[in-house]
């Protein structure tokens, strides 16, 4: 029982770090300036459900889809996903934001792109959904993914409140840049893991 709890805790913490709820706070707060809270809440719930379905699909079918349909090895997926994640973190580190809001985009369209994917079900979390079952097992990975997405939804719901306090303390920009550094570092680690697995095949 203790082993299961430890695996669930470790897997959940890793997935929460990869989903990176902090990166969603700025976007949700920007939406709050032009849309009603009721509309935003519906979008956040929809995006979380869509992202959960995408990620659970990769947990159960990821290896099969990659190997049988796309003929992609998991190490190649890790390298590509890590590269994208590194670039996203680097942008946040340099610009102080994770995503530039397109004001021409309709609010309802944002529930799928960019909120559900790539901001929740992005390269890092999809790679984790494919690779974590080998380490933690499908039941633990699935439960951890649901917990991580639910926590991310809770933080997105609280984004206006969180943002107001961060702005008052003048730490919003610094927090985004620090998080960007962490995201970029996770991307580098994913690339190194992929390269290590590739070298073993030589």
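Just a few scattered comments:
- Any hit, region 57-68, residues being outside any helix (DSSP H, G or I), out of contact with any strand residue (DSSP E or B) (no Cβ under 7 Å at 6 or more places or on another chain) and either at pLDDT below 85 or more than 18 Å from residue 159 (Cα to Cα) (or both): no
- So residue 112, is it closer than 11 Å to residue 58 by Cβ, surrounded by fewer than 23 Cβ atoms within 10 Å (Cβ to Cβ) and at pLDDT below 95: no
- Here 40, 25, 16 are screened, and the one residue that is farther than 25 Å from residue 186 by Cα and either in a helix (DSSP H, G or I) or under 18 Å from the mean Cα position of the chain (by Cα) (or both) is 40.
- When residue 35 is tested against (1) farther than 25 Å from residue 156 by Cβ; (2) outside any helix (DSSP H, G or I), exactly one condition is not met: (1).
- Filtering region 1-40 to residues that are at pLDDT 85 or above, over 23 Å from residue 181 (Cβ atoms) and surrounded by 15 or more Cβ atoms within 10 Å (Cβ to Cβ) leaves 7, 8, 11, 40.
- Restricted to helices (runs of 4 or more DSSP H) entirely inside region 116-202, those with at least 3 residues that are surrounded by 16 or more Cβ atoms within 10 Å (Cβ to Cβ) and modelled with pLDDT of 85 or more are 123-136, 138-157, 172-200.
- The lone criterion from (1) farther than 24 Å from residue 138 by Cα; (2) without any contact (Cβ under 8 Å) to a residue 24 or more places away in the chain; (3) not in a helix (DSSP H, G or I) left unmet by residue 72 is number (1).
- The criterion of being modelled with pLDDT under 80, farther than 20 Å from residue 12 by Cβ, surrounded by 13 or more Cβ atoms within 10 Å (Cβ to Cβ) and touching a helix residue (DSSP H, G or I) at 6+ places or on another chain (Cβ under 9 Å) holds for residue 98.
- Qualifying residue in region 41-50 (condition: over 15 Å from residue 148 (Cβ atoms) and modelled with pLDDT under 85): no
The values are calculated or read from the model by the stated rules, or taken from the named source; none is laboratory data. Owing to the predicted nature of the structure, the values given are computational and were not obtained by experimental measurement. So basically every Cβ, Gly included, is an ideal-geometry build from the backbone, and we count neighbours across all protein chains shown.
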